[in-house]
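Rule-based calculations on the coordinates, nothing more; no lab input. What you see is a predicted model; the values in this text were computed from it and never measured. Neighbour counts run over all protein chains shown; Cβ positions are idealised from the backbone, glycine included.
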Ligand SMILES: Nc1nc2c(ncn2[C@@H]2O[C@H](COP(=O)(O)OP(=O)(O)OP(=O)(O)O)[C@@H](O)[C@H]2O)c(=O)[nH]1
Ligand SMILES: [Mg+2]
């Protein structure tokens with residue numbers, strides 16, 4: 001994107017050396033309109049600056065130029081396709097050969113012709129020439145000849161298009177032998193977009209055989225121009241060539257026949273009656289055009305942001321769904337661990353039934369043997385099974401966390417491409433830049449999170465965290481040595497009890513009264529221990545899973561947060577901008593109505 005000097009253009013046609021040509025407001029109304037206009041344009045400049053939409057600063061410069069134009073010449077700008085006879089018309093209007101004419105694209109720079117005591121030409125740059133000429137007509141206005149449009153040389157069209165906003169009145173020249181082409185229609189629409197008043201000249205009228213043909217051409221041009229402009233502009237058939245010749249020969253009839261005097265009369269009348277109004281209308285038209293562009297930029301930005309917001313909401317929705325899923329799925333892993341403990345308890349019951357009986361008395365008093373039997377028959381590989389279940393939990397949790405980031409990468413990449421194909425000017429430079437930088441950063445972070453995701457490391461960390469919470473339940477002490485020792489102590493005490501009690505009781509009595517109670521007591525104790533273990537494990541592991549989930553969710557929202565914030569603040573900013581622009585439009589309409597009455 002080409003960036004241009006935002007201070008001012010280095011050339012400033014329209015700024016006259018003398019102020020005789022500048023428009024001095026004569027009435028209070030005009031003065032008030034002028035004052036409000038300046039404020040209005042300043043407001044728009046402020047809005048533009050605030051919006052960041054004017055990437056190259058071009059609109060600001062255009063507005064500045066329009067304001068400066070208020071103090072300058074009334075600019076009658078002659079435009080049209082190459083070879084239509086613009087330069088010839090300028091020469092005819094001045095009654096002198098001021099501009100070179102030619103059958104190939106001739107005029108290669110914008111040429112400002114103003115009044116001067118002697119004819120002089122000054123090439124200001126490759127884009128602009130200043131010409132002075134003593135013609136009386138130039139005391140009222142400055143004539144601007146422009147390079148032709150639709151020429152092979154694209155730069156010509158560009159120069160002219162860039163000059164259009166400065167015109168106070170546009171003379172649109174079309175050639176009678178190829179009236180109103182498609183590209184002329186496009187160009188006229190552009191002029192209308194700047195709110196310029198237009199008069200159309202059908203030049204080279206001498207090329208047509210008859211008045212009837214000329215009438216047809218005029219009707220054709222008028223109808224089509226009306227379609228483009230929305231109103232019927234004045235259309236003047238002219239032969240610039242015939243007018244020049246007639247003037248040189250002093251032939252009034254021929255001059256009248258050339259059509260030029262009618263055009264001149266129209267120009268004079270316009271200047272007499274509407275010069276000030278047109279002059280004051282110029283910045284209004286330019287400002288409206290700039291405001292329309294701004295409104296479009298706001299719309300585009302808003303559209304993009306609304307989509308972004310929808311996507312972020314979708315991510316949010318996915319996120320809470322993810323949490324729900326993780327919680328639910330996590331429960332089934334916890335159940336696996338609990339099942340291992342339930343199995344231990346069940347085996348314990350069988351063990352007690354089998355162990356605590358009279359016939360086992362001899363074994364029961366041998367602590368070591370009881371312990372070995374308990375470990376072999378009850379505990380078995382419960383430890384290893386719990387380890388396996390916890391490892392499965394770790395794997396699953398890792399899988400789920402990574403998947404969450406993968407989803408984010410997917411959505412971010414989708415948003416990343418959105419808006420990228422838009423032209424900077426259409427969206428706004430700062431906005432576009434910020435948004436893309438944010439999304440890129442987010443995308444990189446999400447992808448980085450996946451890449452850096454060292455499965456081994458992360459799974460070791462998770463496994464350690466989960467095992468720590470298994471430890472905290474005391475499973476290892478009870479389950480390993482601890483559980484064995486406690487049970488063995490319990491069983492042994494039963495054994496001593498029985499032997500003690502047995503001294504005063506019959507064997508029958510022991511078998512019937514003491515043993516069932518002791519068995520039940522042992523089972524209750526084991527059950528209570530196991531219950532406590534299960535609860536401890538469930539809440540410990542559950543909390544751990546919950547914490548991990550929170551952690552992952554938090555990491556993700558932290559990554560997305562700058563983007564979310566951007567979308568929110570930008571939407572707020574746009575809303576504010578939009579309402580300011582609406583207020584601005586109201587003021588614009590009021591001033592336009594005021595100017596219309598002048
Ligand atoms: N028959 C006829 N030819 C004309 C008339 N006006 C201009 N021409 C010729 O048309 C050709 C182009 O005229 P220019 O005035 O150079 O046209 P222009 O629109 O300025 O062209 P560019 O500067 O290239 O954009 C020249 O050969 C002129 O002599 C006219 O009224 N009748
Ligand atoms: Mg020319």
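Over the chain, the ratio between the Cα radius of gyration and 2.2 N^0.38 Å evaluates to 1.84.
Site pair residue 580 and residue 42 shows an inter-label distance of 1.5 nm when each label is modelled 7 Å from Cα along Cα→Cβ.
Output the peptides 315-325, 107-117 sorted from most to least packed, where packing is the average of other Cβ atoms within 10 Å over each peptide's residues. Before the final figure, lay out each step's value.
Numbers: 315-325: 14.1, 107-117: 21.2.
Going by the mean number of other Cβ atoms within 10 Å, highest first, we get 107-117, 315-325.
If I histogram all Cα-Cα distances within region 52-127 using bins 5 Å wide from 0, what percent of pairs lands in each bin? In whole percents, the pair-distance histogram is 3, 11, 18, 21, 18, 14, 9, 4, 2, 0.
Overall form of region 62-173: oblate. Here a/c, set by the Cα gyration tensor axes a ≥ b ≥ c, is 1.5 or more, and a/b is not larger than b/c.
Using the beta-carbon distance between residue 28 and residue 50 and R0 = 41 Å, what value does 1/(1 + (r/R0)^6) give for FRET efficiency, to the nearest 0.05? It would help to have the intermediate numbers written out before the result.
Working: r = 33 Å, r/R0 = 0.80.
Given R0 = 41 Å and the Cβ-Cβ separation, E is 0.80.
If one takes the longest principal axis of the Cα atoms in the chain, at what angle in degrees, from 0 to 90 and to the nearest 10, does the Cα axis of helix 260-355 lie? Rounded to the nearest ten degrees, it is 10. Along its principal axes, region 145-262 has C-alpha extents of 39, 28, 28 angstrom, given from the largest down. Taking a ≥ b ≥ c as the square roots of the Cα gyration tensor eigenvalues, region 314-438 comes out prolate, since a/c reaches at least 1.5 and a/b is larger than b/c. Each of residue 346 and residue 183 was given a label point 7 Å from its Cα along the Cα-to-Cβ line. The distance between the two points is 9.0 nm.
Which order do 387, 145 fall in if you start with the one that has the fewest other Cβ atoms within 10 Å?
Arranged by neighbour count, lowest to highest, 387, 145 become 387, 145.
Among rounded, prolate and oblate, which fits region 244-389 when a ≥ b ≥ c are the square roots of the eigenvalues of its C-alpha gyration tensor, a/c under 1.5 means rounded, and a/b larger than b/c means prolate? Numbers along the way, then the final one.
On the way: a/c = 11.96, a/b = 8.26, b/c = 1.45.
It is prolate, given that a/c is not under 1.5 and a/b is the larger ratio.
Using only alpha carbons, region 119-165 has a radius of gyration to Kirkwood radius ratio (Rg to Rh) of 1.03. The radius of gyration of the Cα set in region 28-292, together with its Dmax, comes out at 18.5, 60 angstrom.
Taking region 136-173 and a reference point 7 angstrom along Cα→Cβ of residue 121, the backbone N atoms nearer than 18 Å belong to 143-148.
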